[in-house]
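First up is the structure itself, then whatever we jot down about it.
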Amino acid sequence: MSGTILENLSGKKLTILVSFLLFCQLICFLIGGLLAPVPSNVQTIIGTICKDRPGSHNDTSIWLYSRGGKKCEVLDHNEIREDSLRMANKLVFVFQMPLPRGGQNLDYSRWQQNLIGILQADIAYDPKVYNNPQSEITLDLRLAYRNKGDPDDEWKYYASSLEKRDLTCEVDNATDKYLYQCDTIPVFEMGSLHHDFYLLNVRIPVDSDQQMNLNIGYIQDLNLATIYQNGGFTKVWVSLKTTFFPFIVAIMIWFWHRVHMLQRKPVLLEYMLIYLGAALTFLNLPLEYLTLFVEMKFMLLLSDVRQGIFYAMLCSFWLVFAGEHMLIQESGEKNSLKIYWRHLMAVVIGCISLFLFDICERGVQLRNPFYSIWVSRFGSRIAMTFIVLGAISAAIYFLFLCYMVWKVFNNISIKRSILPSMSKMRRLHYEGIIYRFKFLMLATLLCALLTVIGFILGQVTDSQWHWNDNVELEFSSAFFTGVYGMWNIYIFALIILYAPSHKKWPANETQENIMGEEIEFNNLPSDTNPSEISSLTQFARKTALD
Amino acid sequence: MCNKNIVKSTQKLCVMAEGSNILLDPMQACKKTRKIPNKILDICKQDSRNKTSILKKITKGISLGFRECENQFRHRKWNCTSQRRSMKKILLRDTRETAFVNAITAAGISYTIAKACSMGELVECSCDKNLVRHNVLLNNNQMTTFDNTKTNIININKNKTKKPRRNGNNKKRARNSNKKQRKAPLALPTEVPGVPVVGENWEWSGCDDNVNFGNRKSKDFLDARLRRRSDIKTLVKIHNNNAGRLAVKKSMRLDCKCHGLSGSCTMKTCWMKLPSFTEVAHRLRDRFDGASKVISNNDGTNFMTEGLSIKPPTRQDLVYTDESPDFCRPNRLTGSLGVQNRECNITSSGEDGCEILCCNNGYQRSVTFVKSNCKCRFIWCCDVVCNTCLEKREIYTCR
């Protein structure tokens, strides 16, 4: 018994396997492109301006809403403009989500997963009031929810907060009554969309002592853009996960079973493969089904963490994979992850810093959905530190990986130069290993490249591609499902191809040859660096010795 | 005012008067004096059923258009007065001013309906994305051909090609319920999709969020009656209405938000924000200044600029056929009110300056004092203390 399946698979079988996997990849891409809608959609809501009720500034049980029975007293722009104080402290901007459409009162579906709210202020141009383009706005934000079947006025408290946000505005054409072009203000991020209706009440308190909202001008309108994940996309996405999940679990069990059938203990690369499979399984686990029944506010954070773990594992795997193909191995001793601690430092630091950033942003949002780390100067500095740290470790990791891959290729070329001095059997074997190693490198590069190209295309081009009048390809969805499917298939292929093969080597002859050649190698003058013996050779030797 | 017994030669004028009156009296569109086109009937029907109706919003939109027109032209000789008598005369003709009024009211309707949709005041706003894109395509065709039968054919073809895709989509969407499958294609040919489809659409791919619904209703209301005719006045009017609606679309602004992994831009969503109506009106006022005079071409199906060297008007440009009357002196026939007692700007040398605005008739100065609140102190919640200031204002008016 010897080697991995990759080494022993015939070219024909490999081609069949690869083309089958490529076909699956295409299917994944097309499922996203043809079946799924865009991943997320927007509903922009213009706030209805209502007259505030007395006592509401410290009573969060008062809810003003614009549709349904006992709705609030709606004010007209003209009424407000006629008031010399523009009714400061007497107005509430009311956003009742979602908006009715097609003659129906729509409600949020739990398939829509999450909701992000972004405010935009329409501030009337006034040369007297406003002259600095950067100022601070204080918002009294309150969120409530209601479910189908509840009475119209039964809004229940969800969250509230007094938030400060930077307001950056500029005016393009200085004509009267023009609006300032104000930047968007992020207001809330909800990780779950458990209830049917939501209500946002926004007050803009003006206070002279606290210098609150004194010089921001007259806010005519507030626009709220609500971004939700499309239910259709969630359905396609979750079905994809549900499909991949059993396959990956099955292949992992098969792999582990095969490894344990050998007399030796599993080697590091096999451990890494199993870890990688586990990380992918965790990512594949269709936890989204639970959100249909239970309120899980932490879904945004969890999906970040899941993706983070997976990508960290993938990066570590590549490092170890490259390292295992060139490091010296103490004969008989199996490698452990400890040897790679220096190599993996970059991955670990990068992941921890990004995780901390996520905890600071989305973790805090679990308690206060209005929170954003970018708002305060201190917070944004911390966030920036984490992100820069993450970026630096990513750069270091990438450079290091390139260096290692370059070394492996160096190794291979050295092996090549001494190939003719080997016996025919051995040469063929080496050529096969080199060819397949390169093949796998190529596959990895191709996957990474496709991801990057897809990402750039998604940023640059229109989201929809038209083949002809009837076929439209939703590119952004296709990108997501395509990339997701790609990494699943990639790891699926890795686990299969790197599973130990049960094929027998051609009897004694080989064993002698191997022994002979190993000695030869070590004595060769060109082979000054002992680490340049590929781990595959090690692999072969060890198993051959068994 | 239009008698049915009127002789044929004056019928055109009569028709125009009625068309214009839609703007001055929108409710008249639903009065059953003559055959009402189906699309307008739709709007009227919705009126009787719902409290917050499209027709009410249309009325509001028209008055928004008039108000903004007044605002844009308050410093010009023609101040777009909302006085019925004058406006009626302006609308009867086919001048630059008429073009602007038509464009801005069409834009006003679009804008008000789009805004009402965004505020949740109208429940009948559409949801289906494909339908909207499909209709925009159709509108473009109508714009270039003005040929009703032709567009109808396109319409039918489009419906046919669209059907199987939606059907297939639905099949995948609701694999286990045959009922839904049957309903969807039935609902397609009508404008408002059937009730179950809306909810399904909303959950599957969300609802679209733009001015297209407003534009469609504005078109239905203003152009449905005109579409069958192809005389130069009708063509010009349809063109200007379209230009007005296009101005709303073109002044929308794009904003985006990244919300991917840890808030990165792996996932990005963009949307269009409705501008202030003043911005739309300002855009149209620029088109007013650059409006081009057109004449009918030989076969009467389209119009062209008078001189060959003049660039043909784009879809966003305003066009007119008659020269503007003199607005310096009051004239009951043209609807001009004259410039007497108009406020002018003493420091300006432009069109709002006292020399030009008053047609060199001279001006007079008056001083008024205006009381206003100032130096206010706010205490949150609910207390305000203000001083009262007297502000001196100098006003110049034309003699």
**OP:** Compute the accessible area of each residue in the range A:82-107 twice, once for its chain alone and once with every protein chain present, using a 1.4 Å probe on heavy atoms, and list those whose area falls by at least 20 Å².
**Re:** A:SER84, A:LEU85, A:ALA88, A:ASN89, A:LEU99, A:PRO100, A:ARG101, A:GLY102, A:GLY103, A:GLN104, A:LEU106
**OP:** State in Å² the accessible area per residue of the range B:339-398; use a 1.4 Å probe, count heavy atoms of protein chains only, and round to the nearest integer.
**Re:** 66 Å²
Subject >> Members of B:LYS39/B:LYS233; B:LYS217/B:LYS250; B:LYS57/B:LYS237; B:LYS60/B:LYS250; A:LYS241/A:LYS265 lying beyond 29 Å, as alpha-carbon distances in this model show >> reply: A:LYS241/A:LYS265
**OP:** List the residues of the range B:235-264 whose accessible area drops by at least 20 Å² when all protein chains are present, compared with their chain alone, using a 1.4 Å probe and counting only protein heavy atoms.
**Re:** B:ARG253, B:ASP255, B:LYS257, B:HIS259, B:LEU261, B:SER262
Original post:
Under 5 Å between amide H atoms, partner at least 5 residues away or on a different chain: which partners does B:ALA224 have, H built in plane at 1.01 Å?
Top reply: none
**OP:** Report the net charge of residues surrounding B:ILE90, where surrounding means a beta-carbon distance below 12 angstrom and charges are Lys +1, Arg +1, Asp -1, Glu -1.
**Re:** +3
Original post:
Taking only the alpha-carbon atoms of the range A:41-228, what semi-axes of the equivalent ellipsoid follow from 5 times the gyration tensor eigenvalues under a square root, in whole Å, largest first?
Top reply: 28, 18, 16
Subject >> the range A:41-228: Lys pairs at Cα distance under 29 angstrom, eight or more positions apart or on different chains >> reply: 24
**OP:** Please work out the average accessible area per residue across the range A:41-228, using the 1.4 Å probe convention, and give it in Å².
**Re:** 37 Å²
Original post:
Under the Kirkwood approximation applied to all pairs of distinct alpha-carbon atoms, what is the hydrodynamic radius of the range B:339-398 in Å?
Top reply: 13.8 Å
Original post:
Going out from 0 in 5 Å bins, what whole percent of all Cα-Cα distances in the range B:317-358 drops into each bin?
Top reply: 6, 21, 19, 18, 19, 14, 3
Original post:
B plus A alone minus the pair: what accessible area, both sides summed, probe 1.4 Å, in Å² to 100?
Top reply: 6400 Å²
Original post:
Counting only protein heavy atoms, what percent of the accessible surface of the range B:339-398 is carbon or sulfur at a 1.4 Å probe?
Top reply: 45 percent
Subject >> Neighbour-limited loop hits for trypsin sites (Lys or Arg not before Pro), the range B:201-308 (at most 12 other Cβ within 10 Å; DSSP other than H, G, I, E, B) >> reply: B:ARG228
Original post:
Comparing the chain by itself with all protein chains present, which residues of the range A:30-71 are at least 50 Å² less accessible (probe 1.4 Å)?
Top reply: A:LEU35, A:VAL42, A:THR44, A:ILE46, A:HIS57
**OP:** First compute the accessible area of the range B:240-328 with a 1.4 Å probe, then give the percent of it belonging to carbon and sulfur atoms.
**Re:** 51 percent
**OP:** Within the range B:299-348, list the GluC sites (Glu not before Pro) lying in a DSSP loop whose Cβ has at most 16 other Cβ atoms in a 10 Å radius.
**Re:** B:GLU306, B:GLU323
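The values are calculated or read from the model by the stated rules, or taken from the named source; none is laboratory data. These numbers come from a predicted model, not from an experiment. Ideal geometry is used to build each Cβ from the backbone, glycine not excepted, and the neighbour counts take in all protein chains shown. To get the accessible areas, we keep the full protein, side chains included, count just its heavy atoms, and leave off ligands, DNA and RNA. Shrake-Rupley method; radii C 1.70, N 1.55, O 1.52, S 1.80 Å.
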